[in-house]
Amino acid sequence: MKKSFLIILTVVWCAMAFQSRALAQGSFPTKPLTIWVGFPPGGSTDVITRVLAETSEKSFGQKIVVVSKPGAGGTVAASQIAREKPDGYTLVISGDSPITRSPHLQNLVYNPLQDFTFIVRVGQWKNVFVVRADSPFKKWEDLVDWAKRNPGQLVHGHPGSGSAAHLAMVQVAKKEGFSYKNVPFLGDTPNINALLGGHVMVASGSSMAGRATCEAKTLRVLIVIDKEGIEYAPDAPTFETMGYEFQMAVGVIIYGPKGISDPIRGILEKTFLDGIKSETFKELTVKQGLSSNNPLTGTPLLNYLQKWNGLYEQYIKEAGLYKTDKKK
């Protein structure tokens, strides 16, 4: 009798625990969601996040509050979110660099693929190579041919060592067989200014950084570092059309601390997918140069991050920037 009583008691306790957990998850959300932006206010990531929050609130049923947590290319926010309570009420949005590139450039306090719950890839930024309008390089092939004929003379500017724009040139030069001078800047703005001032011959970086000057016919896009082209330079070739098999993905992802339950993760996925599909958000992403036609969630998102974590490790090592190489 005593054994039977213990069995019944155990079954009842498990059922109550399951019901309590189900009710807790079923009531989610009961308060506003806070989403940290891993970059400064006013930047492209901040702009798209604020609009995405607005377009997602109806689906979520609660307010979505945007808070700036800039620093170290998103790794500051990533380090902090890893220590948050995994209740689904605090998330971070940033480029995928804290997961794919930064772990190979510096020692971090988190495991990029194990310490987070990944919610959605919102989209991918597009990068470009641009030259001044008066440059003798009228098309991409002109630049490649000149660089081959003049070893080490091409001066290339980029927004920072280890950035996708930097690594793109490393891979191009390797494939095409030319050498060049590399000039890093602290972001896209000084990079574009250096190009305008004639201090570099070609610059690579965000498609938005040079949009206004390209539309004003001051700069010209030679090639898009993506499979898709860009609206303001429809005739510019892409890496894919030029036969470059390598790509340089720069995804925008939303994630939270490890341990967010599957039911809550599902609610969050639907929330942001609904926001991404809205016409308001689509119109914004076109203007901002973000490709949002193929959002990813679940296993496809994890596979994407694992793939690019591995590829960027390779690219960073080939560029001589791997964190152990820099100690030598």
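The values are calculated or read from the model by the stated rules, or taken from the named source; none is laboratory data. From a predicted model like this one, the values you see are computed outputs, not experimental measurements. All Cβ positions, even for glycine, are placed from backbone atoms using ideal geometry, and neighbour counts span all protein chains on display. Side chains are part of the model used for accessible areas, which takes the heavy atoms of the whole protein and leaves out ligands, DNA and RNA. Shrake-Rupley method; radii C 1.70, N 1.55, O 1.52, S 1.80 Å.
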- Residue list for segment 67-83, filter: assigned to a helix (DSSP H, G or I) and of a type in the set (A, V, I, L, M): A72, V76, A77, A78, I81
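One line per residue, one yes/no per condition, for (1) among the hydroxyl-bearing types (S, T, Y); (2) under 23 Å from G162 (Cβ atoms):
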{"residue": "F281", "(1), (2)": "no, no"}
{"residue": "T285", "(1), (2)": "yes, no"}
{"residue": "P295", "(1), (2)": "no, no"}
{"residue": "Y312", "(1), (2)": "yes, yes"}
{"residue": "L321", "(1), (2)": "no, yes"}
- Does segment 67-83 hold any residues that are of a type in the set (A, V, I, L, M), buried (at least 24 other Cβ atoms within 10 Å of the Cβ) and under 18 Å from L186 (Cα atoms), and which are they? none
- Message: Being more than 30 Å from K175 (Cα to Cα) and at pLDDT below 95 is true for just one of A212, A216, A249. Which residue is that?
- Response: A212
- Cβ pairs under 8 Å, 6+ apart or interchain, first in segment 36-47 and under 17 Å from R121 (Cβ atoms) and open to solvent by less than 20 Å² (accessible area, probe 1.4 Å), second modelled with pLDDT under 90 and hydroxyl-bearing (S, T, Y), ordered by first then second residue, are none
- Message: Any residue that is of a type in the set (D, E), assigned to a helix (DSSP H, G or I) and open to solvent by 10 Å² or more (accessible area, probe 1.4 Å) - is there at least one of those in segment 280-297?
- Response: yes
- Task: Give me a count of the residues in segment 57-66 that are open to solvent by 30 Å² or more (accessible area, probe 1.4 Å) and either at negative phi or without any contact (Cβ under 8 Å) to a residue 24 or more places away in the chain (or both).
- Result: 6
- Considering residues that are among the hydroxyl-bearing types (S, T, Y) and without any contact (Cβ under 8 Å) to a residue 24 or more places away in the chain, the number found within segment 245-281 is 0
- Positions within segment 139-156 being free of Cβ contacts under 8 Å to residues at least 40 places away in the same chain and not acidic (D, E), in sequence order: V144, W146, A147, K148, R149, N150, P151, G152, Q153
- Find the strands (runs of 3 or more DSSP E) located wholly in segment 84-157 whose residues include 1 or more that are in contact with a Leu (Cβ under 7 Å, 6 or more places away or on another chain) and open to solvent by 30 Å² or more (accessible area, probe 1.4 Å), and list them. 116-125, 127-132
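Residues that are surrounded by 21 or more Cβ atoms within 10 Å (Cβ to Cβ) and outside any strand (DSSP E or B): does segment 256-263 have at least one?
yes
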- Query: A15 is checked against (1) under 17 Å from I119 (Cα atoms); (2) at pLDDT below 85 and fails just one. What number does that condition carry?
  - Reply: (1)
- Task: Name the residue, out of Y315, Y244, that is open to solvent by less than 20 Å² (accessible area, probe 1.4 Å), assigned to a helix (DSSP H, G or I) and within 17 Å of A168 (Cβ to Cβ).
- Result: Y315
- Please indicate, with yes or no, whether at least one residue in segment 222-232 is at pLDDT below 95, of a type in the set (G, A, S) and under 30 Å from P151 (Cβ atoms). no
